[in-house]
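Novice: Starting off with a structure, shown below.
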Amino acid sequence: MEKDRENGQKENRPVVEPVIRVDRQLKFTGAILNIYEDTVIANGHEAHWDFIHHDGAAAVVPVTDDGKILMVRQYRNALDRETLEIPAGKLDAPGEPKIECAYRELEEETGYRCDNLEYLMSINTTVAFCDEAIDVFVARNLIPSHQHLDEDEVIYVEAWPVEELEKLIYSGKMTDGKTVAAILAYARKYLR
């Protein structure tokens, strides 16, 4: 039983046919994603599923010398409100090393850089319909620089104690998945 859990398998799992994708049709190409309609055979039945491709992204937990986390506050159109998040951004090109993206996004969004990023974790943001994968890094020994924002970006940088960020998470006021996962993983790994 322990071995099954280690392999991510459940006991008494019914035997079913594997899902087979038989077609993928591009329906929309956007600036940061492509939307497809997949035709699959699942349990012997044809089904049509939405699939969104994203080239990937990187995010950073920037830690100040006094242990606070630099957060970015920005408007998010999908939610029609500002959110408080860790700095993050998409890859400039498919295949760009995520650590390079993380170095760039740290400086662009916060106005700080660092000489060494430490890998923290990888996450898939919305596994039901999107393949976006984000690698998260920790930045310490921050070096002041300046922001390099895109023309349409308005980002405010705020330093927060980890305990206050955890309160926002557990009260439901912070809901960005990558930020929630990264803050909790950072706290668990470095502060507990």
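Novice: Kindly establish whether Y103 is of a type in the set (S, T, Y) and part of a helix (DSSP H, G or I).
Specialist: Yes, satisfied.
Novice: Please determine, by comparing only the residues of region 102-141 that are of a type in the set (S, T, Y) and out of contact with any Phe, Trp or Tyr (no Cβ under 9 Å at 6 or more places or on another chain), which one is least open to solvent (accessible area, probe 1.4 Å).
Specialist: Among those that are of a type in the set (S, T, Y) and out of contact with any Phe, Trp or Tyr (no Cβ under 9 Å at 6 or more places or on another chain), it is T110.
Novice: Here's something else I'd like to know. Out of P144, P97, report the one residue that is over 21 Å from Y186 (Cα atoms), without any contact (Cβ under 8 Å) to a residue 12 or more places away in the chain and exposed (fewer than 12 other Cβ atoms within 10 Å of the Cβ).
Specialist: Answer to the selection: P97.
Novice: Here is a list: D50, D65, D115, D55. Which entry is under 30 Å from D23 (Cβ atoms), in a loop (DSSP other than H, G, I, E, B) and in contact (Cβ under 8 Å) with a residue 24 or more places away in the chain?
Specialist: Being under 30 Å from D23 (Cβ atoms), in a loop (DSSP other than H, G, I, E, B) and in contact (Cβ under 8 Å) with a residue 24 or more places away in the chain holds for just one of D50, D65, D115, D55, which is D55.
Novice: Taking the condition more than 24 Å from L79 (Cα to Cα) and either open to solvent by 50 Å² or more (accessible area, probe 1.4 Å) or at pLDDT below 95 (or both), does E163 pass?
Specialist: yes
Novice: Is one or more of the residues making up region 168-188 open to solvent by 70 Å² or more (accessible area, probe 1.4 Å), touching a residue at least 40 places away in the same chain (Cβ under 8 Å), of a type in the set (D, E, K, R) and not in a helix (DSSP H, G or I)?
Specialist: Among the residues of region 168-188, not one is open to solvent by 70 Å² or more (accessible area, probe 1.4 Å), touching a residue at least 40 places away in the same chain (Cβ under 8 Å), of a type in the set (D, E, K, R) and not in a helix (DSSP H, G or I), which makes the answer no.
The values are calculated or read from the model by the stated rules, or taken from the named source; none is laboratory data. In this text the structure is predicted, and so the values were computed from the model without any measurement. Positions of Cβ are backbone-derived with ideal geometry, glycine not excepted, and every protein chain shown enters the neighbour counts. Heads up: the accessible areas ignore ligands, DNA and RNA and are worked out on the full protein's heavy atoms, side chains in. Shrake-Rupley method; radii C 1.70, N 1.55, O 1.52, S 1.80 Å.
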